[in-house]
1. List the pairs whose first member sits in the stretch 226-255 and is closer than 18 Å to His45 by Cβ and of a type in the set (A, V, I, L, M), whose second member is surrounded by fewer than 21 Cβ atoms within 10 Å (Cβ to Cβ) and modelled with pLDDT of 95 or more, and whose Cβ atoms are under 8 Å apart, counting only residues at least 6 apart or on separate chains?
2. Restricting attention to the stretch 62-79, report how many residues are at negative phi, modelled with pLDDT of 95 or more and among the small types (Gly, Ala, Ser).
3. Could we say that Leu174 is under 11 Å from the mean Cα position of the chain (by Cα) and over 22 Å from Pro121 (Cβ atoms) here?
4. Filter the stretch 62-94 for residues that are more than 12 Å from Phe113 (Cα to Cα), small (Gly, Ala, Ser) and crowded, with 23+ Cβ neighbours inside 10 Å; which is farthest from the chain's Cα centre (by Cα)?
5. For Tyr155, indicate whether it is touching a helix residue (DSSP H, G or I) at 6+ places or on another chain (Cβ under 8 Å), buried (at least 20 other Cβ atoms within 10 Å of the Cβ), touching a residue at least 12 places away in the same chain (Cβ under 8 Å) and hydroxyl-bearing (Ser, Thr, Tyr).
6. What tally of residues in the stretch 128-186 results from selecting those that are closer than 30 Å to Lys110 by Cα and of a type in the set (Ser, Thr, Tyr)?
7. Test Gly283 against the stated conditions and say whether it is touching an Asp or Glu at 6+ places or on another chain (Cβ under 9 Å), within 15 Å of Ile81 (Cα to Cα) and surrounded by fewer than 22 Cβ atoms within 10 Å (Cβ to Cβ).
8. It is to be established whether one or more residues within the stretch 194-213 are closer than 17 Å to Leu281 by Cβ, modelled with pLDDT of 95 or more and among the polar types (S, T, N, Q).
Amino acid sequence: MTRSALCAVGAVAAATIGSPQVFARNSRKSDSRDETDSFQVFDCHLHCPAENGEKWQWYKVTNSFEDFVSYLDKTGVQRGIINSQRSFGTKPEEFISGNREVARYVEKYKGRFIGACVVNPLYIEESLKEIEYCHNQLDFVWVGELCNYMVPYLYSIREFEMLVEQVVKLNMVLALHTEQGELEYVAQKFPQATIAFAHFGDDHEYDDIFRRIDTVAKNPNFYLDTSGYGHDRVGVLEYAVMTIGPNRILFGSDFSINDPSTVIARIRNSFLTMEQKQKILSGNLLELLKKVQNT
């Protein structure tokens with residue numbers, strides 16, 4: 001899709017959501033920062049530094065978990081779902097150690113963070129056991145974000161299918177990084193799974209961003225988080241709310257790679273109602289967690 005075609009689609013979306021006059025009225029209603037400042041921000045997409053020093057930043061600045069928490073405090077993120085950079089190691093001993101680090105952080109900051117389990121389906125036996133352990137012993141309800149480009153592996157392999165079956169059996173949420181072709185494959189192959197797809201866009205942002213949103217919209221089990229590509233494009237968030245609905249968009253920042261402040265600002269400044277903003281900042285994630293947590 002060319003940029004001109006993209007603009008045309010955006011124009012149709014704007015016309016469908018409402019006229020410029022309606023947008024202006026919504027904007028005036030949303031001018032009070034006091035109200036949005038009072039909303040809790042619950043981030044579903046956080047990568048914390050590992051105890052061994054590994055961290056996911058182009059230039060390393062948050063060198064410890066304490067630095068990580070301090071930066072979240074500055075940006076206004078009160079709660080989050082965390083995984084450890086160490087968990088993205090290839091071998092079982094690495095991802096298991098990373099998941100145990102996460103469990104220690106969850107315990108230390110009780111009530112603030114929820115743990116996410118990261119595994120490698122190429123070691124499927126160990127991965128299935130680890131998912132079950134994290135669920136039954138550590139009370140994790142989130143698997144991922146799984147990033148198949150890091151190991152790498154394909155989402156079409158039988159081992160990944162077995163992993164998804166385990167996630168579904170345990171009533172957990174699967175968080176995935178996908179390119180558009182992968183997203184479409186996963187959506188068609190695993191409609192029964194509860195999946196939080198990361199990022200509005202992918203590496204082919206102009207071509208795929210609306211297709212990604214449209215694909216997620218088709219299945220009520222699928223969610224889209226606001227991290228990474230595309231959230232900063234004015235109108236994309238509004239298109240997602242119009243297409244997917246206001247209840248299946250989750251606040252995600254991809255920190256410590258990206259700054260949560262940029263996502264918060266786009267949501268606060270968006271042409272959405274206060275209720276829609278509150279749902280995206282935390283309400284939708286809280287409702288999703290109610291569906292998968294034992295309590």
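The values are calculated or read from the model by the stated rules, or taken from the named source; none is laboratory data. None of these values were measured; they are calculated from a predicted model. Don't worry about glycine lacking a Cβ; one is built from the backbone with ideal geometry, like all the others, and counts go over all protein chains shown.
1. The qualifying pairs are Leu237/Arg266; Ile244/Ala217; Leu250/Leu288.
2. 1
3. Details: under 11 Å from the mean Cα position of the chain (by Cα): yes; over 22 Å from Pro121 (Cβ atoms): no.
When the stated conditions are applied, Leu174 does not pass them.
4. Going through the qualifying residues, I end up with Ser87.
5. Details: touching a helix residue (DSSP H, G or I) at 6+ places or on another chain (Cβ under 8 Å): yes; buried (at least 20 other Cβ atoms within 10 Å of the Cβ): yes; touching a residue at least 12 places away in the same chain (Cβ under 8 Å): yes; hydroxyl-bearing (Ser, Thr, Tyr): yes.
Yes; evaluated as a whole, the condition is true for this residue.
6. 1
7. On the way: touching an Asp or Glu at 6+ places or on another chain (Cβ under 9 Å): yes; within 15 Å of Ile81 (Cα to Cα): yes; surrounded by fewer than 22 Cβ atoms within 10 Å (Cβ to Cβ): yes.
Yes: the conditions hold for Gly283.
8. no
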